[in-house]
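Worksheet for the structure shown next.
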Amino acid sequence: MSPVNDREVVLDVRNLQTYFKTDAGIVKAVDGVSFTLHKGQTLGIVGESGSGKSVTNLSIMRLIPSPPGKVVGGEAIFEGTDILALEEKEMRTIRGNKISMIFQDPMTSLNPFLRISTQMIETIRLHTKGISKNEALERSIEMLKLVGIPSAKKRVHAYPHQFSGGMRQRVMIAMALSCNAEILIADEPTTALDVTIQAQILDLIKNLSEKMGTSVILITHDLGVVAGMCDEVCVMYAGRIVEKAETEKLYAFPAHPYTEGLIKSVPRMDTSKKGERLYSIEGQPPNVIDLPPCCPFHPRCPKAMDVCRASYAPITDLGEGHEVACWLYNSEEEKAVALKEAQA
Amino acid sequence: MKQPILQVRDLKQHFPVTSGMILQRQVGSIRAVDGISFDVYEGETLGIVGESGCGKSTAVRSISQLYKPTGGSVIFNGIELTTADPRTMLAARRDIQMIFQDPYASLNPRMTVRSIIAEPLVIYNRRNLLDPPLSKLEIEHRVEELMERVGLSKVFKNRYPHEFSGGQRQRIGIARALALNPKIILADEPVSALDVSIQSQILNLLSDLQKEFNLTYIFIAHDLAVIQHISTRVAVMYLGKIVEISEAVNLYDNPLHPYTTALLSAAPIPDPVVERNRQRIILTGDVPSPDKERFGCYFYDRCPKRMPWCSNHIPPMFKRGKNHEVACWLYDETRDYHDVSMEEAKADAAKASK
């Protein structure tokens with residue numbers, strides 16, 4: 001069924017762990033995250049604020065401020081090398097060149113003092129050897145045209161504040177893709193935008209990734225955006241991936257109680273009825289400082305068992321790439337063993 | 001026939017744009033709200049939906065007189081608020097409360113939860129506007145009762161806002177709004193800053209409170225699914241105007257205005273099967289700036305169905321069926337404007353302006 005998953009693997013993240021040292025204790029922002037990204041695939045990472053979705057991707061880009069943060073474990077294999085172990089100098093040839101990133105707020109990610117042309121030429125010349133200024137400018141105009149900026153030839157010399165939010169995000173996408181990046185990491189690219197503009201930008205990302213064969217990691221909290229954009233989805237909670245599946249499967253058969261609750265708690269325009277009570281997950285997201293070594297969702301979980309309060313659930317493969325970290329899918333013996341170990 | 005609790009007529013809120021360092025001259029105005037009219041009935045929820053800059057927040061702030069409206073009238077329970085003297089206004093405000101979007105910015109960080117929730121009671125008590133007057137102990141009890149009602153344990157009453165999460169802070173804001181037993185609550189994007197799982201808790205709390213205290217809501221959001229879930233009626237705003245207003249069910253099943261249609265089709269639905277088979281209307285361009293006077297339809301620049309006529313004739317509200325009104329020339333039953341050429345439309349507009 002999944003032609004995407006048979007394609008070549010572009011990025012293989014294994015057991016990534018990123019911790020932050022704070023006065024209150026160690027924050028395990030990302031704690032053992034693994035996923036693979038295939039060529040041309042759009043992978044969604046969904047989770048609520050503080051679940052570690054942005055930190056995961058900043059770790060891959062090696063943009064975690066250190067101190068206080070540190071990637072303490074794991075690897076990310078890109079083109080045969082572990083980019084987490086690269087020297088900063090080597091990383092620079094990859095960052096922005098082969099792996100690009102766009103951020104939530106396009107105003108803060110563009111320099112307000114420099115013309116768009118200056119910023120784009122700088123990026124292109126930094127990453128393409130032996131390209132002249134004029135060639136880089138031509139390239140910038142071409143990219144701006146590609147992302148649908150009207151009268152690009154004139155607009156390329158404008159300053160960021162002369163663009164609207166949606167237009168700025170287009171400029172960011174043009175910059176990110178100007179070096180033919182193989183991976184585009186989009187961190188909540190449309191959260192700051194209006195729905196009609198969001199539709200434009202998502203449409204653009206989708207078309208460009210199809211045209212240029214770029215793999216996309218889309219970080220979002222919006223389950224609607226994921227449904228329309230992604231081939232595969234990882235659901236994160238408190239620094240861990242709790243479920244991973246193809247998009248259709250995840251929405252049709254959510255296995256983890258958190259995923260199920262999340263999907264049920266969003267009001268839907270097409271099917272929900274007026275006056276119906278919304279499903280809601282009780283309680284608050286966990287405090288990630290000094291999390292106990294057990295399922296982080298258990299205090300809010302309607303199906304929590306003794307073993308959930310004692311130990312982390314292992315990842316269970318439900319078939320066809322559908323993975324879930326929940327004790328519900330383990331045998332009684334496994335649970336008994338884990339419970340005993342935890343008590344000992 | 002039910003009497004409306006709130007009547008808004010041709011409400012306008014223009015903000016002056018000034019130029020010059022010392023002698024500030026007014027060089028123009030931002031027409032944030034440009035003539036909106038609607039009624040709100042007791043116990044219902046009127047949802048206002050629209051993109052950023054369409055004037056939805058300004059509209060509720062003008063209604064609650066936080067901004068002095070430039071024109072039009074707001075009648076609450078028979079009292080005209082725009083011309084009310086301060087004392088009448090103070091009394092009326094007890095019945096009109098607000099909940100704000102950002103639970104981080106709308107609570108004073110230096111006040112404890114107790115003093116935040118008690119503040120409206122203390123103010124009205126001091127001015128003898130409470131009937132009967134409350135003693136200190138009674139205020140204390142009322143605060144505890146309110147906290148429990150919105151789902152906060154009363155043991156937290158001596159804590160400060162920063163010790164709470166976003167959802168809990170929004171509960172504090174709701175408790176504060178409820179303190180004076182208001183009749184109507186104006187909620188300005190109360191769930192937009194919250195996570196999905198918390199959003200549904202707050203939406204459920206708001207609808208429980210509505211039933212319990214027979215509250216009337218004006219509820220602003222940009223999320224169409226949230227608006228549909230909570231609203232009895234919905235008004236769609238664009239560039240300071242209401243373009244369509246209707247019962248919620250009708251609006252979602254049968255959107256009339258081209259903007260409403262585009263808005264509904266742009267909103268993602270959390271279901272991959274539905275999403276893949278959907279036809280999107282993708283609007284081109286951005287929302288224009290509301291800084292100049294317009295003589296035609298406000299949506300003209302981006303409308304996929306525009307006609308020459310629309311460029312210089314502002315559409316009035318056309319009635320389509322029960323409680324469904326739309327500001328679009330396509331729905332004028334007396335005339336079809338498709339064949340009107342630009343020249344004819346211009347001539348007609350010129351004649352009308354004379």
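The numbers here are math on the coordinates, done by the rules we state, and not lab data. Predicted model only: the values in this text are computed from it and were never measured. Positions of Cβ are backbone-derived with ideal geometry, glycine not excepted, and every protein chain shown enters the neighbour counts.
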Note to self: Among B:220, A:259, B:3, which residue has its Cα furthest toward the positive end of the charge dipole of the protein assembly as shown, with +1 on Lys/Arg Cβ and -1 on Asp/Glu Cβ?
What the structure shows: B:3
Next item on the list: Over all alpha-carbon pairs in the range A:1-138, figure out the percentage whose distance exceeds 21 Å.
Entry: 54 percent
Next item on the list: Pull out a ≥ b ≥ c, the square roots of the eigenvalues of the alpha-carbon gyration tensor of the range A:139-264, then state rounded if a/c is under 1.5, prolate if not and a/b is larger than b/c, and oblate in the remaining case.
Entry: prolate
Check: What relative contact order, as a whole-number percentage, does chain B give when Cα pairs under 8 Å and 6 or more residues apart are counted?
Finding: 19 percent
Check: So which residue, out of B:291, B:39, B:339, gets the largest mean-square fluctuation from a GNM of chain B using Cα contacts under 10 Å as springs?
Finding: B:339
Margin query: Could you tell me the extents of the range B:37-166's C-alpha atoms along the three principal axes, largest first, rounded to whole Å?
Written below: 45, 37, 28
Checklist line | Overall form of the range A:244-314 per C-alpha gyration tensor (a/c, 1.5; a/b vs b/c) | finding: prolate
Next item on the list: Taking the Cβ of residue B:11 as the centre, find all other residues whose Cβ is under 15 Å away and add up their charges (Lys, Arg: +1; Asp, Glu: -1).
Entry: +3
Margin query: Inside 10 Å of the C-beta atoms of B:255-268, what's the mean count of C-beta atoms belonging to other chains?
Written below: 3
Checklist line | Contour excess over end-to-end distance, with Cα ends at residue B:26 and residue B:208 and 0.36 nm allotted per residue | finding: 60.8 nm
Check: What are the lysines whose alpha-carbon lies under 20 Å from the alpha-carbon of residue A:211, with same-chain residues fewer than 8 places away excluded?
Finding: A:39, A:98, A:145
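Magnitude of the Cβ-charge dipole of the range B:9-107, K/R +1 and D/E -1, about the Cα centre, nearest 20 debye?
Values: 10 positive and 10 negative charges, 89 e Å.
Computed about the Cα centre, the dipole is about 420 debye.
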Next item on the list: Give me the number: length gained by fully extending residue A:306 to residue A:279, i.e. 0.36 nm times residue separation minus the C-alpha to C-alpha distance, one decimal in nm.
Entry: 7.3 nm
Notebook entry, point to check: If all Cα-Cα distances of the range B:161-306 are sorted into 5 Å bins from 0 onward, what percent lands in each bin, rounded to whole numbers?
Noted result: 2, 8, 15, 17, 17, 16, 11, 9, 5, 1, 0
Notebook entry, point to check: Any number yet on Rg/Rh for the range A:207-333, C-alpha, Kirkwood?
Noted result: 1.00
Checklist line | Where only C-alpha atoms are counted, convex hull volume of the range B:34-108 per residue in Å³ | finding: 129 Å³
Note to self: Could you work out [θ]222 nm for the protein assembly as shown from helices alone, using -39500 (n - 2.57) per DSSP H run of at least four and dividing by all its residues? Round to the nearest 500 deg cm²/dmol.
What the structure shows: -9500 deg cm²/dmol
Notebook entry, point to check: Over the range A:11-56, with a single point scatterer placed on each C-alpha, what log10 of the ratio I(q)/I(0) does the Debye formula yield at q = 0.25 1/Å?
Noted result: -0.98
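Quickly rank A:313-324, B:61-72, B:261-272, B:227-238 as a protection proxy: mean count of other C-beta atoms within 10 Å, highest first. Walk me through the intermediate numbers first.
Values: A:313-324: 15.7, B:61-72: 18.1, B:261-272: 21.6, B:227-238: 24.7.
Result, highest mean first: B:227-238, B:261-272, B:61-72, A:313-324.
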Item checked: Where the Cα pairs of chain B fall when distances are cut into 20 Å bins, in % -> 26, 54, 18, 1
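Report for chain B the percent antiparallel among DSSP-assigned beta bridges with both residues inside it, nearest 5.
Taking every DSSP beta bridge within chain B, about 60 percent pair in antiparallel fashion.
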Checklist line | Relative contact order (%) - criterion: Cα under 8 Å, at least six apart; region: chain A | finding: 19 percent
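Give me the net charge of residue A:6's neighbourhood, meaning all other residues with Cβ under 14 Å from the Cβ of residue A:6; Lys, Arg count +1, Asp, Glu -1. Intermediate values should be presented prior to the final figure.
Details: positive: A:7, A:39; negative: A:8, A:231, A:232, A:246, A:320.
After counting each charged neighbour, the total is -3.
Over all residues in A:224-231, what is the mean tally of Cβ atoms on other chains that come within 10 Å of each residue's Cβ? Numbers along the way, then the final one.
On the way: counts 9, 3, 4, 9, 10, 3, 1, 1.
Per residue, the average neighbour count from other chains is 5.
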Next item on the list: Take every residue in peptide B:276-286, count the Cβ atoms of other chains within 10 Å of its Cβ, and give the average of those counts.
Entry: 4
Notebook entry, point to check: How would you rank A:229, A:120, A:269, going from fewest to most other Cβ atoms within 10 Å of each one's own Cβ?
Noted result: A:269, A:120, A:229
Next item on the list: Using only the alpha carbons, work out the radius of gyration and Dmax of chain A in angstrom.
Entry: 21.4, 71
Item checked: Net charge dipole size for chain A [Lys, Arg +1 and Asp, Glu -1 on Cβ; Debye, nearest 20] -> 1380 debye
Item checked: Residues A:334, B:51 arranged by fewest to most Cβ contacts within 10 Å -> A:334, B:51
Note to self: So, R0 is 22 Å and r is the distance between the beta-carbons of residue A:270 and residue B:279; what FRET efficiency does that work out to, to 0.05?
What the structure shows: 0.95
Checklist line | Theoretical FRET efficiency, 1/(1+(r/R0)^6), r = Cβ-Cβ of residue A:203 and residue B:336, R0 30 Å, to 0.05 | finding: 0.35
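Taking every eigenvalue of the Cα gyration tensor of the protein assembly as shown, multiplying by 5 and rooting it, what semi-axes result, largest first, whole Å? Walk me through the intermediate numbers first.
On the way: eigenvalues 372, 265, 117 Å².
The answer is 43, 36, 24 Å, longest axis first.
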Check: If you add up the charges near residue B:339, with Lys and Arg at +1 and Asp and Glu at -1, over every other residue whose beta carbon is less than 14 angstrom from its beta carbon, what do you get?
Finding: -4
Note to self: Neighbour counts of other C-beta atoms within 10 Å: give me B:326, B:74 arranged from fewest to most.
What the structure shows: B:74, B:326
Check: Classify the range A:276-318: rounded, prolate or oblate, from the alpha-carbon gyration tensor (a ≥ b ≥ c, eigenvalue square roots; a/c under 1.5 rounded; otherwise prolate if a/b is larger than b/c)?
Finding: oblate
Notebook entry, point to check: In chain B, which cysteines lack any other cysteine Cβ under 4.7 Å from their own?
Noted result: B:54, B:303, B:328
